[in-house]
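Undergrad: Mind looking over this structure? Questions follow.
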Amino acid sequence: MENFITDELMEKTFLFCWKKISDKEDAKDVAQEILVDAMLVLRSEKRIENFYGLYWQIAHNKVVDFYRKKRPVKISLDDMENSLLGFDKSIGDYIRQEELDTLSKSMTQLANIHRDILVRYYIKNQSVKEIADALKLPTGTVTSRLSDARKNLKENFETMENRNEKTDKEKRNQIVDFELEYYGNASDAWMAIVSLIDKQILFCCREKSQTFSQLSKQIEVPKIYLEDSIQKLIKANVLFEEKKGKYLTDFTIFPKSVIRKAGEIEREITIKLNLAGRFMKILTDMKEDILKEDFYGNDFDWEYLLPFFIIRSDREFGMKTGGDYLREKYGKGLSDRFWRNFYLSGQYEDEPENEVKAAAPLIGPGYNYENYNISGYGHIEVHDTINTMHYEKDGKECTLDLERLDWLNGSNAALYLELIKNPQKALTQKEEVIAADLMNNGVLSKTAKGYKGNIPVISFALLDKWCKSWKEKFKDLSIEYHDELYKAQEKVVLPYIRHDLLWASFWHIIPVGSRNRLDSMLMQYAIDNKLVRFEEGKNASCVAMVLLKE
């Protein structure tokens, strides 16, 4: 114990208390209480990993307790200039140190324009005219801002002073984290939401617009820390200024209990309609028309090609055909207020952990692609329809190689395209290394006739033709499915979507997560019914990758 409670520590403790309390005798008493509590902790033989961290926390708590026992003294705004000049000014003789801390904190909660005005007027003793000249503002504007600043400071100060202190657990419960799902070119929006402060701003603004002051009080973060976040979120199109100084989140944030309920409803409807069986029947009936088209890979086995066509055609079934129908039938008159090329939604846990039921396992959704511009070929895209997919095969869970999207890339795609045109091309030493890597990954094979590509190559024009055909072929089934789904979800999902966000709901949010679950359901159906040849690992036996080119 002697090793911890030294003369130096006792002296530092007294000086700490004297600085905080100002009265010498009171400081001695509080310092003595701190030392006694610290010794009791040491004698308890509890394991202490950071004694000095614990010690100064005890000291801080004792000082706070000292002020709590004293009767509060009100401070007028006329005395503000003294408090802002520092804690050692004469005002400290008649106002609690804790109250000064509160006043100082309330100053940081003010917006920059108000904080600047107050500092200039009260601390720098500048006149209204001098402030107007310095800021290049009319004197009337300065007077108005000074009045608003006084009002806001008073509100902040009184709110902090009168607020009951919450426990750490209660404060933690105020923080709501949520996960993001997005579709389209949403990387900038997704990357803008990086901190818990960002998420708290968006969560607080999800139902009704909030001002800086309201957000600051709800989140318990000074305004100075909110300003940059709000401007960043507005720039990323995830927050917007509904009215002057009032902000709204520009996407829906759902409770996960709603997402789970929506998923249960969706699964019930897909079973009721035999959706997977009917979908696969329509697609396989198109087999001859698809394979007679002129593209590299039209002589590959249908079971090898089918996974790409499943994933790509269900985009037309869901997001295009179904989404367009819902917007037309249920969304007439809704404004496309902020039309853009991405959609975003959030999900937060709202149920106790022990009440959350584990969701039925699904194949991992997968439709990833990369863009490249290659000399001599122009724009190409490498699509991997099952890049992130895990699935069940013969009762076992399997996982595909997650690096496959990189097997064809900007540095080797040109050689791949050359070799499928000229299988016996003489390769340079560098090209031989590239070809060996492609063969190692199953992208390329070597036969008696030369090199053979294992990845189909389809033109954008041909894919566009197929998309139009799929949209027409799947139209009736898609409308039947989405109509039943919308009616079933109306009381589950719609109450959580603001009316002004319905413009985005009909092809992304309703049905919630349908795009991913539809991928999973259709692919698992194809695997269970042995409609696809599907192997795990570095496989060349399933068309997981497709190269699209001009």
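Undergrad: Which residue pairs have Cβ atoms closer than 6 Å, lie 6 or more positions apart in sequence or on different chains, and pair a first residue in segment 418-434 that is over 12 Å from G450 (Cα atoms) with a second residue that is open to solvent by less than 40 Å² (accessible area, probe 1.4 Å)?
TA: What qualifies is E431/L415; I434/N412; I434/L415.
Rundown of residues vs (1) at pLDDT 65 or above; (2) touching a Phe, Trp or Tyr at 6+ places or on another chain (Cβ under 9 Å), yes/no style:
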| residue | (1), (2) |
| --- | --- |
| E25 | yes, no |
| F51 | yes, yes |
| K62 | yes, no |
| Y67 | yes, no |
| F87 | no, no |
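Undergrad: When residues of segment 265-290 are filtered for being among the aliphatic types (A, V, I, L, M), over 14 Å from L305 (Cα atoms) and open to solvent by less than 40 Å² (accessible area, probe 1.4 Å), how many remain? Please lay out each step first, then the result.
TA: The initial filter retains those residues of segment 265-290 that are among the aliphatic types (A, V, I, L, M), namely 265, 269, 271, 273, 275-276, 280, 282-283, 286, 290.
Next, from what is left, pick out any that are over 14 Å from L305 (Cα atoms): 265, 269, 271, 273, 275-276, 282.
Narrowing the set further to residues that are open to solvent by less than 40 Å² (accessible area, probe 1.4 Å) leaves 265, 269, 273, 275-276.
Number satisfying all stated conditions: 5.
Undergrad: In segment 18-28, which residue that is assigned to a helix (DSSP H, G or I) and open to solvent by less than 90 Å² (accessible area, probe 1.4 Å) is nearest to T6 (Cα to Cα)? Reasoning before the result, please.
TA: Within segment 18-28, the first condition is being assigned to a helix (DSSP H, G or I), and the residues that meet it are 18-21, 24-28.
Narrowing further to those that are open to solvent by less than 90 Å² (accessible area, probe 1.4 Å): 20-21, 26-27.
Details: K20: 21, I21: 23, D26: 21, A27: 18 Å.
The selected residue is A27.
Undergrad: Considering only segment 449-473, state which residues are touching a helix residue (DSSP H, G or I) at 6+ places or on another chain (Cβ under 7 Å) and hydroxyl-bearing (S, T, Y).
TA: Y451
Undergrad: Can you tell me which residue is modelled with the lowest pLDDT among those in segment 380-407 that are surrounded by 21 or more Cβ atoms within 10 Å (Cβ to Cβ) and either assigned to a strand (DSSP E or B) or of a type in the set (D, E) (or both)? Before the answer, list the steps.
TA: To start, the set of residues in segment 380-407 that are surrounded by 21 or more Cβ atoms within 10 Å (Cβ to Cβ) comprises 380, 382-387, 389, 391, 400, 404, 407.
This time we only want the ones that are either assigned to a strand (DSSP E or B) or of a type in the set (D, E) (or both), so: 380, 382-384, 391, 400.
Numbers: I380: 84, V382: 80, H383: 76, D384: 70, Y391: 63, L400: 60.
Per the criteria, the residue is L400.
Undergrad: Determine whether L202 is in contact with a Phe, Trp or Tyr (Cβ under 9 Å, 6 or more places away or on another chain), modelled with pLDDT of 80 or more, open to solvent by less than 30 Å² (accessible area, probe 1.4 Å) and assigned to a helix (DSSP H, G or I). First the steps, then the outcome.
TA: Details: in contact with a Phe, Trp or Tyr (Cβ under 9 Å, 6 or more places away or on another chain): yes; modelled with pLDDT of 80 or more: yes; open to solvent by less than 30 Å² (accessible area, probe 1.4 Å): yes; assigned to a helix (DSSP H, G or I): yes.
Against the criterion (in contact with a Phe, Trp or Tyr (Cβ under 9 Å, 6 or more places away or on another chain), modelled with pLDDT of 80 or more, open to solvent by less than 30 Å² (accessible area, probe 1.4 Å) and assigned to a helix (DSSP H, G or I)), L202 qualifies.
Undergrad: With segment 408-477 as the region, which helices (runs of 4 or more DSSP H) entirely inside it contain at least 1 residues that are of a type in the set (S, T, Y)? Talk me through it step by step, then tell me what you get.
TA: Numbers: elements: 413-421, 429-440, 460-473.
Counting at least 1 such residues, we get 413-421, 460-473.
Undergrad: Any residue in segment 302-309 that is surrounded by fewer than 20 Cβ atoms within 10 Å (Cβ to Cβ) and either modelled with pLDDT of 95 or more or of a type in the set (S, T, Y) (or both)? Let's see the steps before the verdict.
TA: Going through segment 302-309, the residues surrounded by fewer than 20 Cβ atoms within 10 Å (Cβ to Cβ) turn out to be 302-304.
Among the residues that remain, those that are also either modelled with pLDDT of 95 or more or of a type in the set (S, T, Y) (or both) are: 304.
Yes, segment 302-309 has at least one match.
Undergrad: Yes or no: segment 247-267 includes at least one residue that is closer than 21 Å to Y496 by Cβ, in a helix (DSSP H, G or I), small (G, A, S) and modelled with pLDDT of 90 or more. Steps first, answer last, please.
TA: Within segment 247-267, the first condition is being closer than 21 Å to Y496 by Cβ, and the residues that meet it are 247-267.
Right, trim to in a helix (DSSP H, G or I) and you get 256-267.
Filter once more, so that each one left must be small (G, A, S): 257, 262-263.
The next check asks that each one be modelled with pLDDT of 90 or more; those that pass are 257.
Scanning segment 247-267 turns up at least one residue that is closer than 21 Å to Y496 by Cβ, in a helix (DSSP H, G or I), small (G, A, S) and modelled with pLDDT of 90 or more.
The values are calculated or read from the model by the stated rules, or taken from the named source; none is laboratory data. No experiment lies behind these values; they were computed from the predicted model shown. Here Cβ is always computed from backbone atoms with ideal geometry, including for glycine, and neighbour counts include all displayed protein chains. Ligands, DNA and RNA are excluded from the accessible area calculation, which covers all protein heavy atoms including side chains. Shrake-Rupley method; radii C 1.70, N 1.55, O 1.52, S 1.80 Å.
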